[in-house]
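Undergrad: Let me give you the structure first, and then I'll get to my questions.
The values are calculated or read from the model by the stated rules, or taken from the named source; none is laboratory data. Computed from a predicted structure; not experimentally measured. Cβ: placed from backbone, ideal geometry, glycine included. Neighbour counts: every protein chain shown. Ligands, DNA and RNA are stripped out before the accessible areas are found, and what is left, the full protein with its side chains, is counted by its heavy atoms. Shrake-Rupley method; radii C 1.70, N 1.55, O 1.52, S 1.80 Å.
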Amino acid sequence: MPTATAGPQPTTAPITDREIFAAHEGGKLSVESVMPLDSKRALSIAYTPGVAQVSRAIAADPSRHATHTWASRLVVVVSDGTAVLGLGDIGAAASLPVMEGKSALFKTFGGLNSIPLVLDTTNVDEIVETLVRLRPSFGAVNLEDIAAPRCFELEERLIEALDCPVMHDDQHGTAVVVLAALTNAAKVTNRTLADLRVVVSGAGAAGIAIAEILVNAGAGDVLLVDSKGTIHRERDDLNAIKARYAAKTNRDNVIGGIRQALEGADVLVGVSSSKVAEEDLAGMNDDAIIFALSNPDPEVMPDVAARHAAVVATGRSDFPNQINNVLAFPGIFRGALDAGARRITPEMKIAAARAIAALAEDKLSADYIVPSPLDPRVADAVARAVGEASRR
């Protein structure tokens, strides 16, 4: 069978702590006026007395809020700091550098204004109430680094409470890019999604969302594995979210651990910190596909995975096939905002994944199943696809 290339890519000099802390000193964001305030006339237009005319107009016609403020193009990046990167529950203040970075990505890759909003509470009711009260200030909500299973309830509650796009990127951004990559990995190995039996190791935010999008996109079968083994219909220790997926995944009701799940599997998607032993991979089918996405330490290192798989992907930039959320979220939010969408639907997410996959088709290979996160075509293509799906 074809073997994936797993060697590291050429890198620049190592990044030092001094360089990192110097870059973050004072934060990574600033607010700049798009109007030059260089004369009394300019001040009178931008602020008093001219601004009063705009405020009166919005009071008389609330639809002007969307056209004469920045709110309709502003994404708030919201976190409570309970599941930050691989650091865990480090609190709101410590999460702020990460949220600043996410806002910078929105601006750089999606052309959207964005501000971080870290909340010093883990109470779902309080977070919902806060964002409902702040709703006139923004146009969309990107939830970030919020621990499962609370993140599922929070997203659902906010979608119902707010009349604007809401998405938990740790769930759905990851899932969209995984679907795009898996679509192309199947093509490389002369299969379709419908041919694939997929094992998802990890049943937290990302794992559940990956299972959901793969089921919606028509994958042959999906098995979720958590710290206690496969999620199956006989288990009586599942929370409500996992129980929901026990009913519509694991078609053959496989019972056991990761080794039993991988027997006869075509795909492994790792989104947990649990390691997968090489002997567990031996039972996978020929031309297997392995996405080991934990950072910085994948569930199985690419050189080991490549001994058992035709296509290997990680979440890291120093190996081929980086599964990176930045391929998805800037374009998804921009497309939703451009279309005036009130929600980001499953159809919009699948459309985003197909757009990402299509951009890699011209150079498709075992080492190139998704475009680079720096590819300037990505956000535009995703935004167009999401907008079209919204209008449909």
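Undergrad: Which one of the conditions (1) within 26 Å of residue 169 (Cα to Cα); (2) out of contact with any helix residue (DSSP H, G or I) (no Cβ under 6 Å at 6 or more places or on another chain); (3) crowded, with 20+ Cβ neighbours inside 10 Å does residue 281 fail to meet, given that it meets all the rest?
TA: The failed condition is (1).
Undergrad: Only one of (1) of a type outside the set (Lys, Arg); (2) open to solvent by less than 30 Å² (accessible area, probe 1.4 Å); (3) out of contact with any Leu (no Cβ under 7 Å at 6 or more places or on another chain); (4) over 24 Å from residue 390 (Cα atoms) fails for residue 120. Which number is that?
TA: (2)
Undergrad: Only one residue in 323, 332, 350, 369 is of a type in the set (Val, Ile, Thr) and more than 27 Å from residue 86 (Cβ to Cβ). Which one?
TA: 350
Undergrad: Kindly state which helices (runs of 4 or more DSSP H) lie completely within the range 211-304 and contain at least 3 residues that are free of Cβ contacts under 8 Å to residues at least 40 places away in the same chain.
TA: The qualifying helices (runs of 4 or more DSSP H) are 240-246, 278-281.
Undergrad: A further question on this structure: From the residues in the range 123-157 that are surrounded by fewer than 21 Cβ atoms within 10 Å (Cβ to Cβ) and among the polar types (S, T, N, Q), which one is nearest to residue 205 (Cα to Cα)?
TA: 123
Undergrad: I would also like to ask the following. Need the failing condition index for residue 24 against (1) closer than 27 Å to residue 134 by Cα; (2) under 34 Å from the mean Cα position of the chain (by Cα), just the number.
TA: Failing condition for residue 24: (1).
Undergrad: Among what's in the range 292-314 and is closer than 23 Å to residue 180 by Cβ and surrounded by fewer than 18 Cβ atoms within 10 Å (Cβ to Cβ), pick the residue that is farthest from the chain's Cα centre (by Cα).
TA: In this case the residue turns out to be 296.
Undergrad: Also: Within the range 121-163, can you find the residues that are among the β-branched types (Val, Ile, Thr), assigned to a helix (DSSP H, G or I) and within 30 Å of residue 63 (Cβ to Cβ)?
TA: The answer is 127, 128, 130, 132, 159.
Undergrad: Among the residues of the range 324-376 satisfying the criterion of being of a type in the set (Val, Ile, Thr) and assigned to a loop (DSSP other than H, G, I, E, B), which is farthest from residue 142 (Cα to Cα)?
TA: This residue is 369.
Undergrad: Taking the options 357, 383, 353, name whichever one is more than 29 Å from residue 303 (Cα to Cα), buried (at least 22 other Cβ atoms within 10 Å of the Cβ) and modelled with pLDDT of 95 or more.
TA: Answer to the check: 383.
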